[in-house]
Each structure stands twice: as structure tokens, then as C-alpha cells.
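Enquirer: So that we are looking at the same thing, I have put the structure below in C-alpha cells.
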Amino acid sequence: RALPPTQKTTAAYLTLTNRGDAPVDILGASTGIAAQVEIHTTREVEGYTRMERLDGLSLGPGENLRLEPGGTHLMLLGL
């Protein structure tokens with residue numbers, strides 16, 4: 001999505017698909033437009049919505065995982 005030129009952080013959304021026959025572990029991501037990419041999820045804790053950093057994601061054979069607003073997503077840092 002388009003951002004103001006001064007914004008240094010945003011989220012990225014996509015769908016991951018494991019088309020293989022074995023589980024896949026995703027331990028990170030990278031892009032040429034950000035200094036760092038982190039995997040985050042959104043959780044409600046004591047009545048507040050908070051983002052938590054995840055160490056990775058797992059997809060079983062044939063499984064899809066949608067990264068979307070309000071759920072699991074990528075954070076692009078240092079744009």
C-alpha cells in the first residue's frame with residue numbers, strides 16, 4: 001500500500017501455499033525495500049490488541065496460510 005515518504009514501517013499481506021508433500025517451516029523473509037522483515041501475529045491480551053513477533057510459521061502439505069490485517073502478517077521495518 002502507498003505510504004507517506006516519512007513512514008519507516010508498514011505491514012505486508014499475502015497467501016502462502018505449500019504445494020509439496022512435506023511440511024515447510026518459514027523462518028523469515030527479506031525484501032529489497034526494507035532493512036528488516038519480521039513475522040508478527042495480532043492477539044488480544046487482557047482486553048488489548050497487541051502484535052507479537054513470531055519465530056516462524058509452519059505449513060503442512062497442501063496447506064494455505066493467509067497473512068492478513070488483524071492476524072498473522074509481515075512487518076517491514078526500515079523502509
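The values are calculated or read from the model by the stated rules, or taken from the named source; none is laboratory data. All values derive from a computational prediction rather than experimental measurement. Heads up, the Cβs are rebuilt from the backbone with ideal geometry, glycines too, and the neighbour counts pull from every protein chain shown. Heads up: the accessible areas ignore ligands, DNA and RNA and are worked out on the full protein's heavy atoms, side chains in. Shrake-Rupley method; radii C 1.70, N 1.55, O 1.52, S 1.80 Å.
Enquirer: Place a +1 charge on the Cβ of each Lys and Arg in the chain and a -1 charge on the Cβ of each Asp and Glu, then give the dipole magnitude about the Cα centre in debye, rounded to the nearest 20.
Expert: Its charge dipole is roughly 340 debye.
Enquirer: I've got another one for you. Place a +1 charge on the Cβ of each Lys and Arg in region 35-79 and a -1 charge on the Cβ of each Asp and Glu, then give the dipole magnitude about the Cα centre in debye, rounded to the nearest 20.
Expert: 80
Enquirer: Which residue, G28, L3, M51, has the largest displacement toward the positive end of the dipole of the chain when charges sit on each Cβ (Lys, Arg +1; Asp, Glu -1)?
Expert: It is L3.
Enquirer: Tally up the carbon and sulfur contribution to the accessible surface of the chain as a whole percent, 1.4 Å probe, everything protein left in place.
Expert: Using a 1.4 Å probe with all protein chains present, the chain comes out at 49 percent carbon and sulfur.
Enquirer: Using a 1.4 angstrom probe with every protein chain in place, what is the largest-first accessible-area order of R19, R66?
Expert: R19, R66
Enquirer: When ligands, DNA and RNA are left out and all protein chains stay put, how many square angstrom of accessible area per residue does the chain have with a 1.4 Å probe?
Expert: 70
Enquirer: Protein chains only, probe 1.4 Å: how do I26, I39 rank by accessible area, largest first?
Expert: Putting I26, I39 in descending order of accessible area: I26, I39.
Enquirer: Another question about this same structure. Would you rank E44, E52, E38 by solvent-accessible area, highest first, keeping every protein chain in place and using a 1.4 Å probe?
Expert: Result, largest first: E44, E52, E38.
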